[in-house]
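> First the structure, which I've put down as structure tokens, then a few questions once you've had a look.
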Amino acid sequence: MSKNLNPLIAIAFVLVFLAIQTTVPVVVLIAQVIVSGDWHNKEMLANIELSPGGLIIAEAICSVAAIALFTIMKWAPVSRQFVEKRPWGVLFWCILASAGLILPSMYFQEVTMPEQWPDFIQKMIDQAEQTLSLIMSTTGGYAVVCLLAPIAEELVFRGAALRVLLEWKTERRWLMISLSALLFAVAHMNPAQFVHPFLIGLLLGWMYERTRSVLPGIIFHWINNTVAYLIFHAYPNPDITMTDIFGSTTHALMAVGFSLLIVLPSIYQLHLRMK
């Protein structure tokens, strides 16, 4: 198959992932209606939504299905080659870089967020945030958001999509990494959080390009989602700002500066160790 088709293949991988994300919740919702016995009640059917438990089940199935499909079909080849090198230093600095990036990312998102979105975009944002909040606050939310999602997304966006893009234009690796980061950001379906996943996608893509392994990305992704999960439970108010958390803008900026003192050396160490 011609390598010129690789960009289309990368997009197809993402579309398959989104199709799973769209289809599975509908199937689980139908099962929920049948089990509950509300299928004959038209008034109930008009307003029915996935229960918190059903949402957790749907999200778990989505991730497991994506992991199984992309590994079985070898769209995201899995190898022990990177692990056999015992890259403990790389994984350690991945953890530090991920933890250190949380506060700078939060602050950057706050200062770049428009004061008002068009109505249809605001509805998308509200729906995405409501769904994520419901998952985070439900038993099993950690497993879905912090364990399964990082594995599934790294296999799809780095192990599959970025892999074929790099095979297409190896000499233009940063353009390919940027394209995969763009796909990663768009797939999150939340315009309010577009910049954060795009920037994280660049870093994850760089780590994949240097190691040809999804493991550093999975570790980074796991820590990032875990810290976000802990922050959500510590400060469940979605409108809270870093100034609210740290008491003043000065203290918030100091926290960001301290975090950068962790992030920048971590990225430099990754640059040295990822061969």
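The values are calculated or read from the model by the stated rules, or taken from the named source; none is laboratory data. The model shown is predicted, which means the values in this text are computed figures rather than measured ones. All Cβ positions, even for glycine, are placed from backbone atoms using ideal geometry, and neighbour counts span all protein chains on display. When the accessible area is computed, the model is the full protein with side chains, heavy atoms only, and any ligands, DNA or RNA have been set aside. Shrake-Rupley method; radii C 1.70, N 1.55, O 1.52, S 1.80 Å.
> Can you find, among Val28, Gln269, Ala152, the residue sitting farthest towards the positive end of the charge dipole of the chain, where Lys and Arg contribute +1 and Asp and Glu -1 at Cβ?
Of the listed residues, the answer is Gln269.
> Assign one of three labels to the chain, namely rounded, prolate or oblate, based on the Cα gyration tensor with a ≥ b ≥ c the square roots of its eigenvalues; rounded applies when a/c is under 1.5, prolate when it is not and a/b is larger than b/c, and oblate otherwise. It would help to have the intermediate numbers written out before the result.
Values: a/c = 1.78, a/b = 1.16, b/c = 1.54.
Oblate shape, in that a/c is at least 1.5 and b/c is the bigger or equal ratio.
> Give me the percent of accessible area attributable to carbon and sulfur for region 1-141, probe 1.4 angstrom.
For region 1-141, the apolar C and S fraction of the accessible surface comes to 66 percent.
> Give me the accessible area per residue for the chain, probe 1.4 Å, as a whole number in Å². Walk me through the numbers before you get to the answer.
Working: 15220 Å² over 275 residues.
About 55 Å² of surface per residue is accessible.
> Going from most exposed to least, what order do Lys123, Lys275, Lys169, Lys3 have by accessible area with a 1.4 Å probe?
On the way: Lys123 150, Lys275 170, Lys169 65, Lys3 120 Å².
Of Lys123, Lys275, Lys169, Lys3, the descending order of accessible area is Lys275, Lys123, Lys3, Lys169.
> Could you put Arg173, Arg210 in order of accessible surface area, largest first, with the 1.4 Å probe and the full protein assembly present?
Numbers: Arg173 105, Arg210 60 Å².
From most exposed to least exposed: Arg173, Arg210.
> Relative contact order for region 167-275 using alpha-carbon pairs under 8 Å, separation at least 6, rounded to a whole percent? Before the final figure, lay out each step's value.
Details: 55 pairs, mean separation 20.0, N = 109.
RCO, region 167-275: 18 percent.
> Could you check the spin-label model distance between Gln109 and Val186? Points 7 Å from the Cα along Cα→Cβ, value in nm.
Here the modelled spin labels are 2.1 nm apart.
> If you put +1 on each Lys and Arg Cβ and -1 on each Asp and Glu Cβ, how big is the dipole of the chain around its Cα centre, in Debye rounded to 20? Present the calculation step by step, with values, prior to reporting the outcome.
Numbers: 16 positive and 17 negative charges, 328 e Å.
So the magnitude is around 1580 debye.
> Helices from the chain with mean Kyte-Doolittle at least 0.5 and a Cα length along the axis of 15 Å or more, per DSSP H: which? Don't skip to the answer; put the middle values down first.
Details: long enough: 6-36 (45 Å, 2.20); 52-72 (30 Å, 1.96); 88-112 (35 Å, 1.26); 119-136 (25 Å, 0.17); 173-187 (21 Å, 1.80); 195-211 (24 Å, 0.71); 215-234 (28 Å, 1.04); 249-273 (36 Å, 1.11).
Those that clear 15 Å and a mean of 0.5 are 6-36, 52-72, 88-112, 173-187, 195-211, 215-234, 249-273.
> Can you spot the lysines whose alpha carbon is less than 16 Å from Lys85's alpha carbon? Ignore those fewer than 8 places along the same chain.
Lys275
> Given the rule -39500 (n - 2.57) for each run of at least 4 DSSP H residues, summed and divided by the residues of the chain, what is its mean residue ellipticity at 222 nm, to the nearest 500 deg cm²/dmol? Intermediate results must be reported in sequence, preceding the final value.
Numbers: 13 runs with 198 residues, N = 275.
My calculation for the chain gives -23500 deg cm²/dmol from helical runs alone.
> Using Cα pairs closer than 8 Å and at least 6 residues apart in sequence, work out the relative contact order for the chain, in percent. Spell out each step's value before the answer.
Values: 275 pairs, mean separation 80.2, N = 275.
Relative contact order, the chain: 29 percent.
> May I ask you to give the percent of accessible area on region 142-260 that is carbon plus sulfur, with a probe radius of 1.4 Å? Each step should come with its number before you reach the end.
Working: 3510 of 5200 Å².
Carbon with sulfur: 68 percent of the solvent-accessible area.
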